[in-house]
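Take a look at the structure below.
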Amino acid sequence: MKKDPRLLRLGILGCGPISQIAHFDAAKKARNLELAAICDLADNLRERMATLHQPRAAYRDFDDMLADKTIDAVLIGVADQFHVPLALKAIGAGKHVLIEKPLGVTIEECETLRRRVHESKLIFQIGNNRRFDPGIAFARKFVQKEIGALLSFKAWYWDSVYRYTMTDNLQPIPLTSASARKPEGNPKADKRRYFILTHASHLVDTARWLGGEIVSVRARLVERFGAFCWYVDVEFANGALGHIDLTIPVRGDFEEGFQIQGEHGSVKGQVFLPWYHKTSVVECFSTKDRQYRRPIGEDAYTYKLQLESFADAVLKGAPQSGANVDDGVAAMRALVAVARSVETGERVRLSDVTGSV
């Protein structure tokens with residue numbers, strides 16, 4: 001594949017599943033980026049990944065990678081609980097940062113990080129890769145330019161009971177290490193919290209990206225036969241009504257999608273698991289010409305596209321289309337508000353929440 005003359009030299013922190021499944025390969029295929037270094041405390045895992053992906057350098061200690069003056073930026077792909085402390089360290093070292101979603105685990109730490117990012121003037125991006133799905137990107141432009149005032153927004157994310165059977169066939173078999181650093185306890189044991197941080201973060205970012213800023217939410221949750229269903233009534237700042245639905249797992253196929261009604265048109269979209277690298281099926285209807293528009297994107301490798309956009313922002317000063325630190329804080333406030341609303345049964349304003357999910 002042809003690379004641009006000027007490349008962003010990227011160091012990836014974390015050799016765990018998300019890096020193995022997505023980030024290493026995406027970095028190698030990105031047109032404007034070099035996989036310059038990898039870093040992980042687990043010696044056996046790091047050495048195997050270095051042999052497989054051939055970065056210029058491999059580090060055990062994150063401080064050593066940050067001290068490498070040839071590295072322009074770092075991608076942080078480790079457990080959520082480590083995101084903010086490691087991002088603060090990277091910013092302190094003068095590195096641009098792309099961090100996996102969610103931004104952090106508490107509102108307070110995310111606000112601290114936001115202040116530091118704004119002080120630094122560095123490029124900071126969050127890995128909400130759905131934004132780089134060509135269908136969703138087309139829908140965003142249509143909503144901004146064609147649809148006029150919004151009336152309603154609806155989105156859903158239904159993870160399938162068969163999801164991992166499907167993805168195990170699509171993804172490489174991840175390698176593990178007993179020496180890998182893990183958070184205290186087991187974050188996945190609290191399924192309510194884990195599902196909101198991991199899956200609702202996609203829904204909330206899609207809602208904000210396509211529907212606008214969220215002011216308040218009222219959420220309900222039902223748990224039955226090992227399944228969880230959140231119904232969330234959303235109030236948008238632009239006056240539109242919203243509804244988001246997170247259900248895990250459904251007894252059927254994986255489904256993710258959205259519907260938007262506006263003054264001069266409508267949008268509906270069906271989103272696929274990102275591992276298929278397949279553009280969402282999106283139809284946008286305009287009353288101006290009474291025509292539907294349905295884009296086809298030949299390149300829907302969203303993990304690669306988000307890296308290319310990040311690199312263009314750093315190298316060329318291109319507009320940042322990825323989620324920034326302000327988006328990350330707003331998303332964290334929405335996730336915490338959903339959790340508080342389930343607990344209280346009341347509508348919760350995002351500006352009022354504190355703490356964690």
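The values are calculated or read from the model by the stated rules, or taken from the named source; none is laboratory data. The structure displayed is predicted, hence computed values, not measured ones. Glycine also receives a Cβ, built like all others from the backbone with ideal geometry; neighbour counts cover every protein chain displayed.
Data for the structure
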quantity: Residues within segment 173-202 that are surrounded by 12 or more Cβ atoms within 10 Å (Cβ to Cβ) and assigned to a loop (DSSP other than H, G, I, E, B), tallied; calculated: 10
quantity: Subset of segment 69-84 that is free of Cβ contacts under 8 Å to residues at least 60 places away in the same chain and closer than 19 Å to S19 by Cα - its residue that is surrounded by the fewest Cβ atoms within 10 Å (Cβ to Cβ); calculated: V84
quantity: Which listed residue is on the phi < 0 side of the Ramachandran plot and either crowded, with 18+ Cβ neighbours inside 10 Å or of a type in the set (G, A, S) (or both), from H96, H118; calculated: H96
quantity: Matching residues, segment 330-352, being surrounded by fewer than 22 Cβ atoms within 10 Å (Cβ to Cβ) and either among the acidic types (D, E) or closer than 21 Å to R116 by Cβ (or both); calculated: A330, E343, E346, D352
quantity: Residue in segment 252-273 that is within 17 Å of the chain's Cα centre (by Cα), closer than 17 Å to S201 by Cα, of a type in the set (V, I, T) and at pLDDT 95 or above present; calculated: yes
quantity: Residue check for A323: among the small types (G, A, S), buried (at least 21 other Cβ atoms within 10 Å of the Cβ) and in contact with a strand residue (DSSP E or B) (Cβ under 7 Å, 6 or more places away or on another chain); calculated: yes
quantity: Single unsatisfied condition, H277 versus (1) out of contact with any strand residue (DSSP E or B) (no Cβ under 6 Å at 6 or more places or on another chain); (2) exposed (fewer than 15 other Cβ atoms within 10 Å of the Cβ); calculated: (2)
quantity: Those helices (runs of 4 or more DSSP H) lying entirely in segment 22-82 with at least 3 residues under 24 Å from W275 (Cβ atoms); calculated: 24-29, 43-53
